[in-house]
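Read the structure below first, then the notes.
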Amino acid sequence: MESWGEAAFRGRQLFKWLWTPGFASLDEVTDLPKTLRARLALEGYVYNLETVSVVASKLDDTCKWAFRLEDGSVIETVLIPGDSHATLCVSSQVGCAMGCRFCKTGSMGFVRNLSPSEIAGQVLSVIEQLGSEQRPRNLVFMGMGEPLANFENVVASIRILSSELGLNYSKRRITVSTSGIAPKIVELGNEIDVGLAISLHATTNSLRDRLMPINRRYPLEVLMDACRRFKLPRRRRITFEYIVLKGLNHSREDANRLARLLDGIPSKINLIPYNYVEGLEFQAPSEREVLDFQKLLIDKGFTAIIRKSRGRDIEAACGQLWSKVIRDEARVKGSTSG
Ligand code: SF4
C-alpha cells in the first residue's frame, strides 16, 4: 500500500481481509476507499487454492486434501485428528530435492518452492472447509518438501499464520520438521520462535547415508551439534521422528546409540512404524518389534511415543497422494489423447 502512496494502515486492513476465512472477492473490502478498491480490482485478484480432492480415511479420521496451484502443480495437506485437537500437516515445496529413500515425494524430485501465501493458503483453505470452530490446533511443516530448503518463504508463512491480523496461530503450536539441513536449523531458531522436529530414522551414519542423502553433507555429529545450538523456546523439546524399518534400525545397539546421540538435548521420540509403500524396498515392522524398541528407550529415560501410521487406506504417507493425483491425471490424459 505504501508503494502505491497509501497509508501503511491500509495494508494492514487489506491483509486482514485476505486472511479472513471465506474472503473471496476484492469487492468485499468495504472499509477501503472506493478509488483504492477500483485500483485493487484492476491490478489484483484473490486467488484461493483449488481443491482437487478431499479423501477421508475409513480406518481413522485422517483427511487429505490435494490442492492445485495456479501453475497446475498439485500439493497435499493432511489433517491428523487427535483425542482433543487436530494437527494439520502442510507442504512447503512441490516435490523435494532431498531424495529420502523411504519417501515417495523424494523419488519424484524437486519442482519448485511454494510461496508464503501458497503455504499459509493451505491452512486457510482447510479452515474454510472445516469451519473456524473446527480449525486444527497444531500446524506442522511435514508435508511435501524440505521446509528449510525454502527458508525465507517458510519463515514468511509462519509470520502470516501467527499474525494477529492473519490466522493468529500461537508459534508454540507450529513445528518445522527437517531432514537435517544443519546450518539452517540454527538460523531458524535465531529467526523465529517455533518448535523443531528432526527426521532422524537412523543411529549410524552408514544407515542414515543410505536412507537420507542429506546425511552425507551433514552427518549425525553435525546434525546433533546444530540441535544443541537450536534456540529452543522455553519448556519445549525437540521432537525426533524415527520411522521403524523392519530389521534395520530397532536393535538394542540402536537404542544405545540413540541415547548417546540425544544426550543433553531436551527431546521426545516419535516412533513411526513404517507404512509399506508399493515400489519401495522397506518392510513394516511387527507390533512386537516396535513395542520392544519403545521399551528399550523408555528404560533409558526417554519419552518415546508410538505414532500410528495414519490413513493407510488413503495413501497417507508423505507425498503419496500427490503421486496418485499425478498418476490419475496421466491416466486420464493418456486415455483421452490415445
Ligand atoms: S521425507 Fe521430507 S525431506 Fe525427505 S524426501 Fe520426503 S519430503 Fe523430502
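The values are calculated or read from the model by the stated rules, or taken from the named source; none is laboratory data. None of these values were measured; they are calculated from a predicted model. As a convention, Cβ positions derive from the backbone with ideal geometry for all residues, glycine included, and neighbour counts pool all protein chains shown.
For L59, the conditions (1) touching a Pro at 6+ places or on another chain (Cβ under 9 Å); (2) surrounded by fewer than 22 Cβ atoms within 10 Å (Cβ to Cβ); (3) not hydroxyl-bearing (S, T, Y) are fulfilled apart from (1). Only helices (runs of 4 or more DSSP H) whose full extent lies in region 88-205 are considered here, and the ones with at least 1 residues that are at pLDDT 95 or above and closer than 30 Å to E278 by Cβ are 116-130.
May I ask you to verify whether L196 is touching a helix residue (DSSP H, G or I) at 6+ places or on another chain (Cβ under 8 Å), buried (at least 21 other Cβ atoms within 10 Å of the Cβ), in contact (Cβ under 8 Å) with a residue 12 or more places away in the chain and within 17 Å of L262 (Cβ to Cβ)? So L196 passes the test. Restricting the first member to region 12-41 and to residues that are more than 20 Å from E2 (Cβ to Cβ), and the second to residues that are assigned to a helix (DSSP H, G or I) and of a type outside the set (A, V, I, L, M), the beta-carbon pairs closer than 7 Å and six or more apart or on different chains are P21/E128; P21/S132; G22/E128; F23/W17; E28/W17. Filtering region 198-207 to residues that are farther than 19 Å from F293 by Cβ and among the hydrophobic types (A, V, I, L, M, F, W, C) leaves nothing.
Filtered by the rule that a residue be touching a strand residue (DSSP E or B) at 6+ places or on another chain (Cβ under 9 Å) and assigned to a loop (DSSP other than H, G, I, E, B), region 206-223 gives a lone residue, M212. With respect to the conditions (1) buried (at least 19 other Cβ atoms within 10 Å of the Cβ); (2) away from the ligand (no atom under 15 Å from the Cβ); (3) in a loop (DSSP other than H, G, I, E, B), A226 lacks only one, and its number is (3). Hey, can you tell me all the residues within region 7-19 that are surrounded by fewer than 17 Cβ atoms within 10 Å (Cβ to Cβ) and outside any helix (DSSP H, G or I)? Correct list: A7 only. Among the residues of region 202-223, the ones that are buried (at least 21 other Cβ atoms within 10 Å of the Cβ) and away from the ligand (no atom under 16 Å from the Cβ) come to 1 in all. Please work out which residue is nearest to R210 (Cα to Cα), limiting yourself to region 140-172 and to residues that are in contact with a Lys or Arg (Cβ under 6 Å, 6 or more places away or on another chain) and away from the ligand (no atom under 11 Å from the Cβ). So the residue we want is F151. Just wondering, is there one or more residues in region 103-122 that are without any contact (Cβ under 8 Å) to a residue 12 or more places away in the chain, of a type in the set (K, R) and either more than 16 Å from the ligand (Cβ to nearest atom) or buried (at least 17 other Cβ atoms within 10 Å of the Cβ) (or both)? No; the residues of region 103-122 include none that is without any contact (Cβ under 8 Å) to a residue 12 or more places away in the chain, of a type in the set (K, R) and either more than 16 Å from the ligand (Cβ to nearest atom) or buried (at least 17 other Cβ atoms within 10 Å of the Cβ) (or both).
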